1. Which residues make up the longest stretch of the chain that has no chymotrypsin sites (Phe, Trp or Tyr not before Pro) in a DSSP loop with at most 14 other Cβ atoms within 10 Å?
2. Using the 2.2 N^0.38 Å rule of thumb for compact globular proteins, work out how the stretch 11-90 stacks up: its C-alpha Rg over that value, please.
3. How far apart, in nm, are two points set 7 Å out from the Cα along the Cα-to-Cβ line at Asn81 and at Ala24?
4. Summing -39500 (n - 2.57) over the DSSP H runs of n ≥ 4 in the chain and dividing by its residue number, what mean residue ellipticity at 222 nm do you reach, to the nearest 500 deg cm²/dmol?
5. Once you have the Cα-Cα distance between Ala51 and Leu38, take 0.36 nm times their residue separation minus that, and quote the gain in nm to one decimal.
Amino acid sequence: MEPIDPESVKTEFAKLVSTQKLVAILMLVLGFAFILSLFAASDLAILIFIALIVLGVYSNLRWRCPECGQWFGRRFFFLENCPRCGVELR
Ligand SMILES: [Zn+2]
């Protein structure tokens, strides 16, 4: 992997975090819609459930260090440095 300059790592990480937040909000809304559609006994519930899983997987796959590709796992937005390569993320 070609080296990235420290500033663009931070920019990439900031973009990643804002995407992750958007996805989280979307998942909350979908979760709410899922509960509503369950109460309404709507067929939409299955579609919404699938969308939730897809979004969850997508957000997990994206949650990586912009520098080395290390998966951050369950560490969330308070990350300051990559646990593997130590690059500054903020
Ligand atoms: Zn890293």
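1. The reported range is 1-75.
2. Relative to the 2.2 N^0.38 Å estimate, the stretch 11-90 comes out at 1.34.
3. Those two pseudo-labels are separated by 2.3 nm.
4. So the helix-based figure for the chain works out to -21000 deg cm²/dmol.
5. Gain on extension, Ala51 to Leu38, equals 3.2 nm.
Any read-out appearing in this document is the output of simple, stated calculations on the displayed coordinates, not a laboratory observation. This structure is a prediction, so every number in the text was calculated from the model and none was measured. Neighbour counts run over all protein chains shown; Cβ positions are idealised from the backbone, glycine included.
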